[in-house]
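The values are calculated or read from the model by the stated rules, or taken from the named source; none is laboratory data. None of the values given here were measured: they were computed from a predicted structure. Neighbour counts run over all protein chains shown; Cβ positions are idealised from the backbone, glycine included. The accessibility values were calculated without ligands, DNA or RNA, using every heavy atom of the protein model including side chains. Shrake-Rupley method; radii C 1.70, N 1.55, O 1.52, S 1.80 Å.
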Amino acid sequence: MNSLQHIFCRLQAFCDPARRVVALVATLAISLSACVAQPEPTLVAAVYRADYGAARQSMKDKIARSSEPLTSRTPKNPSRDYALDRMRLGLLTLADGYAPQIGSAWDDLYQILRRAGINKDAGLASVVINEDLKVWKGEPFEQALAFHYIGLHYAMQGSWDNARAAELNSLFPLKAVIKTPDNRRISNVEVIQKTPDGEVAFNHPEEVRTNFALGFLMTGIAAHEIGKETGDPDRIQEAEENFRSAIAIRPDLRQVIDVIRSEQYNTILVVDYGRGPQKVASGLDNSISTFEPITPSSSARLWVSTELSRATYPLAADLNEMATDHRWNNLEDMRRGKAVVGTGLLVGGAGATMIGADQRSPELALAGLGAMAAGALLKAGAHADTRHIELLPQRVYVVPVMITRETTAVTVQVEGEPASRLVLTGLSPPTGKAAQLRYVRLLYNPWAGRQSGGVAPIWATSGRIFYGNDAAPSVGVQLPWILGGDSVRIPSAKALDDYQRAGFLLGMTPGELESLYRDEGITWTTQDEYGTPGLHILEGGHSLVSPYSGTTGYARLFDMDHGVYQPKSPRVIALRQQIDNQRSALSPKTIGQ
């Protein structure tokens with residue numbers, strides 16, 4: 001118990017009304033100052049058991065219920081979690097292997113991150129009440145990573161020009177209050193302790209060049225791909241400049257960049273691993289925000305195996321390093337000021353109220369109560385805003401690989417972490433000059449790892465595609481899954497032709513095939529799903545939109561058995577029974593060949 005709490009406990013022993021009011025206001029201040037924002041526990045739990053679909057649908061539903069759904073334009077006065085919720089949904093969507101081209105969470109987030117002064121209307125409220133009333137834009141390192149993931153979203157679509165623009169936005173200058181000769185990281189707490197003239201230092205920090213090696217690397221890759229496609233020498237030069245900057249910050253990245261320069265690749269894997277640092281409040285009245293690592297930092301490399309090569313690759317980013325460096329954090333001393341002033345008003349007000357009560361002076365007692373009320377509000381607002389992106393990884397790897405044949409499998413694993421092993425399936429060579437990019441979220445669940453001896457789930461390592469899809473159409477029985485086959489392809493003339501070649505659905509038209517899915521309430525375009533795909537039918541949902549091949553979401557859906565589909569509409573039930581009878585009457589050798 002701190003000294004202030006001790007005083008207030010002593011005050012509660014008095015029985016007259018003034019003293020009771022003092023104790024009540026003091027207790028209120030203590031309880032309010034303890035309220036800090038908490039991470040979304042259900043989202044965190046879902047991510048670390050790789051249940052991306054359910055988590056994504058939950059966040060999608062939350063935004064849809066709000067007054068600011070994804071289908072609306074970016075509001076002029078967004079709610080305080082507007083950007084945070086879209087960052088969550090965007091990360092979950094990417095982790096599940098999706099990069100929708102219309103109406104995505106990233107579109108709105110990109111606009112709001114580039115807007116200046118979105119918190120100007122929250123200024124007075126945040127000073128009087130608390131920091132949590134501000135619209136969340138994240139710490140500088142979170143903003144840089146947001147631009148990075150927006151870039152990955154566009155690169156997954158093959159839009160390298162938009163990817164380059166987003167990654168360039170991640171390279172904004174940083175602000176340093178203390179700059180060490182050896183460029184050592186200084187934490188927020190150290191800044192507060194070691195800054196002799198806080199007001200001047202915080203109001204006029206030194207602007208320094210960013211040390212975001214991942215941003216330089218990805219900007220260079222995007223410029224390089226544009227240069228390959230267009231032959232533009234300016235983009236090639238830009239790529240080299242960014243590559244040199246990345247190597248200057250992280251010399252190990254030379255290995256990755258040498259492969260890019262050699263053009264001995266056609267696929268870029270951006271691989272995330274671990275759980276990012278957690279933002280916590282500390283110090284007087286929890287007024288100082290700091291980040292605490294959860295997954296320990298290490299120099300473990302990423303092991304990657306393809307049909308042509310086997311190699312290890314270095315880290316491109318360590319989020320623990322970024323989050324614990326004050327250059328990557330907001331440098332505001334307002335919270336400390338509120339904490340100190342709030343405490344002083346409470347103590348002084350309590351004393352004045354007690355004296356006024358003893359001397360039977362209503363004026364003095366009321367003045368004291370007023371000071372206490374002001375102090376209580378200030379203490380309630382003194383705590384740091386601990387909202388943060390709880391779905392970020394601890395580290396990022398960037399790997400260039402060569403894919404030479406259809407539906408190739410690539411195995412990736414963090415050295416020394418067998419539970420992170422993941423076999424990426426369904427990758428094929430890109431069709432154009434530019435490389436293709438795939439975002440991969442490696443499994444990280446330390447609790448399950450201890451219980452299972454550090455073994456990855458079966459779907460993560462099977463390397464076998466169980467269901468025909470638009471990236472691997474020839475898998476299994478060429479018949480829709482809803483009719484008892486193994487295909488979850490989007491209904492089309494080509495898919496129907498393959499079904500009919502296998503002896504099924506003879507005489508049916510593409511329109512009639514589509515109507516079967518409509519009868520079941522199944523959709524197959526992102527337009528029908530308001531930009532963000534919903535749960536896939538293989539996991540109990542109503543969507544046929546497939547993740548990109550070579551992603552965690554693709555392996556999670558297609559590389560394990562999901563059982564038998566149970567039709568709902570009378571027409572599909574009847575057709576399913578008819579096909580079951582047809583299949584039982586024929587030799588297995590004549591079915592699905």
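Details
- The lone exception for residue 46 - which of (1) in a helix (DSSP H, G or I); (2) at pLDDT 90 or above it fails: (2)
- Within segment 550-580, the set of residues being more than 30 Å from residue 47 (Cβ to Cβ), surrounded by fewer than 16 Cβ atoms within 10 Å (Cβ to Cβ) and of a type in the set (A, V, I, L, M) comprises 573, 574.
- Unique match (being in contact with an Asp or Glu (Cβ under 6 Å, 6 or more places away or on another chain), on the phi > 0 side of the Ramachandran plot and not in a strand (DSSP E or B)) among 507, 503, 476, 463: 476
- Filtered residues of segment 144-177 (kept if open to solvent by 40 Å² or more (accessible area, probe 1.4 Å) and either modelled with pLDDT under 95 or not small (Gly, Ala, Ser) (or both)): 157, 161, 162, 164, 168, 169, 172, 173, 175
- Close pairs (7 angstrom Cβ cut-off, 6 or more residues apart or separate chains): aromatic (Phe, Trp, Tyr) in segment 312-324, open to solvent by 10 Å² or more (accessible area, probe 1.4 Å) and modelled with pLDDT of 95 or more anywhere: 313/255; 313/301
- Enumeration of residues in segment 438-458 that are open to solvent by 60 Å² or more (accessible area, probe 1.4 Å) and either at pLDDT 85 or above or under 24 Å from the mean Cα position of the chain (by Cα) (or both): 447, 458
- Pairs meeting the criteria (first residue in segment 255-275 and surrounded by fewer than 22 Cβ atoms within 10 Å (Cβ to Cβ), second residue of a type in the set (Asp, Glu) and not in a helix (DSSP H, G or I), beta carbons under 9 Å, at least 6 apart or on different chains) are 275/390.
- Test: residue 248 is at pLDDT 95 or above, farther than 19 Å from residue 323 by Cα and surrounded by fewer than 16 Cβ atoms within 10 Å (Cβ to Cβ): yes
- Condition broken by residue 488, with the remaining ones in (1) of a type outside the set (Ser, Thr, Tyr); (2) more than 30 Å from residue 299 (Cα to Cα); (3) crowded, with 17+ Cβ neighbours inside 10 Å; (4) modelled with pLDDT under 95 satisfied: (4)
- Strands (runs of 3 or more DSSP E) within segment 204-300 that include 3 or more residues in contact with a helix residue (DSSP H, G or I) (Cβ under 9 Å, 6 or more places away or on another chain): 267-273, 278-282, 288-292
- Lone qualifier among 61, 85, 16, 107 - being among the charged types (D, E, K, R), modelled with pLDDT of 55 or more, surrounded by fewer than 24 Cβ atoms within 10 Å (Cβ to Cβ) and farther than 30 Å from residue 457 by Cα: 107
- Cβ-Cβ distances below 6 Å connect the following pairs, each with a first residue in segment 492-507 that is under 17 Å from residue 577 (Cβ atoms), a second residue that is surrounded by 17 or more Cβ atoms within 10 Å (Cβ to Cβ) and among the hydroxyl-bearing types (Ser, Thr, Tyr), and a separation of six or more residues or different chains: 505/499.
- Some residue of segment 26-42 being assigned to a helix (DSSP H, G or I), aliphatic (A, V, I, L, M), at pLDDT 70 or above and open to solvent by 10 Å² or more (accessible area, probe 1.4 Å): no
- Selection count, segment 522-543, where residues are over 22 Å from the mean Cα position of the chain (by Cα) and open to solvent by 50 Å² or more (accessible area, probe 1.4 Å): 4
- Count of segment 494-521 residues which are open to solvent by 40 Å² or more (accessible area, probe 1.4 Å) and closer than 23 Å to residue 428 by Cα: 2
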